[in-house]
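Taking it in order: structure first as structure tokens, then the write-up.
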Amino acid sequence: MRKPIFAGNWKMYKNPKESVEYLDQFLPMLEGHEASEILLFPTATSLSTVMDRIQGTVVRAGAQTMHWRNEGPYTGQTSPTMLTSIGTTHVLLGHSERRLYANETYEHVNLKLKAAIAHKLVPVLCLGEMLADRNDGYTKDTLLAQMGAALSNLTASAVRNLVIAYEPVWAVGTGSIATPEVANEAHGMIRDELRDLFGNNLADSIRILYGGSVRPENSAKMLEQPEIDGLLIGGASLDPKSFAAIIHNS
Ligand code: 13P
């Protein structure tokens, strides 16, 4: 059994004060909730405030990206040890917005993934094809290329805590969600590749989340699909009521 994960990616929203206001509303809605794992990915300047506020609750939090080195002359970057020093447990890697707007390459994602594993941060590796890839019939090739690069030189035991998020770029922030069948098919491709790379046991245990225009009214149908083990939510996670509705509906 794969325990479902509901993850909220706050992107570049919510300062520390707004984050606390959010948690004051959100945390009581989750009391006693054990059926799934709940993750928040706040922006860097709110992360430490969120870490303090979620102590003793069921919520875990992570960074939206990180560098692979521990320190150095890398203006604007945050390191894995800086994240673990404030108790961070998770890190989002290879989000399409990082790949598109921050020039994150396949090689960077691989270096970051290795660093996350070395520092015992749970990596949530984002994959997804652009609309043109899908229209041209290259969805599977794209996903496999992204996986092959990100996971290169990693063993099954190294990636045992890995979480993957399938986020088709055409569905991120567009309001046009993949159909549950289309998403399930892509998740199946990813899981088959995990099987080839790391064997059945690992492939059967890795959680694959869907992300892209998830809302309270469409989330349950997604989770009915056998290959979909949770959701990575952007816009709809910014409102505590709608994020909690997604968690409770599903
Ligand atoms: P939206 O839910 O706003 O489409 O964003 C999805 C996403 O990018 C989560 O990482």
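The values are calculated or read from the model by the stated rules, or taken from the named source; none is laboratory data. Every value quoted in this text rests on a predicted model; they were computed, and no experiment measured them. Neighbour counts are summed over all protein chains in view; Cβ atoms, including those assigned to glycine, are modelled from backbone coordinates with ideal geometry.
Observations, loosely collected:
- The sole residue among LEU143, LEU232, LEU162, LEU223 that is in contact with a strand residue (DSSP E or B) (Cβ under 8 Å, 6 or more places away or on another chain) and within 12 Å of the ligand (Cβ to nearest atom) is LEU232.
- Selection from segment 115-136 of residues that are among the charged types (D, E, K, R), touching a residue at least 12 places away in the same chain (Cβ under 8 Å) and surrounded by fewer than 18 Cβ atoms within 10 Å (Cβ to Cβ): LYS120
- Where helices (runs of 4 or more DSSP H) fall entirely within segment 1-89, those with at least 2 residues that are β-branched (Val, Ile, Thr) and modelled with pLDDT of 95 or more are at 44-53, 80-85.
- Whichever residue in segment 89-140 is more than 16 Å from the ligand (Cβ to nearest atom) and aliphatic (A, V, I, L, M) and, among such residues, is nearest to ILE190 (Cα to Cα): LEU113
- Among the criteria (1) on the phi > 0 side of the Ramachandran plot; (2) touching a helix residue (DSSP H, G or I) at 6+ places or on another chain (Cβ under 6 Å), the one GLN225 does not fulfil is (1).
- Flag if GLN77 is within 21 Å of ILE5 (Cα to Cα), surrounded by fewer than 21 Cβ atoms within 10 Å (Cβ to Cβ), over 16 Å from the mean Cα position of the chain (by Cα) and among the polar types (S, T, N, Q): no
- Contact map, segment 91-103: residues that are touching a residue at least 24 places away in the same chain (Cβ under 8 Å) and farther than 14 Å from TYR166 by Cα paired with residues that are away from the ligand (no atom under 12 Å from the Cβ) and assigned to a helix (DSSP H, G or I), Cβ distance under 7 Å, separation 6+ or inter-chain. Pairs shown: VAL91/LEU83; VAL91/ALA116.
- First in segment 152-176 and under 19 Å from HIS187 (Cβ atoms), second anywhere and of a type in the set (Val, Ile, Thr) and within 12 Å of the ligand (Cβ to nearest atom), Cβ under 8 Å, 6 or more apart: VAL163/VAL124; ILE164/VAL124; ALA165/VAL124; ALA171/ILE177
- Residues in segment 235-250 that are in contact (Cβ under 8 Å) with a residue 60 or more places away in the chain, within 12 Å of the ligand (Cβ to nearest atom) and in contact with a Ser or Thr (Cβ under 7 Å, 6 or more places away or on another chain) were compared, and the one that is nearest to GLU18 (Cα to Cα) is PHE243.
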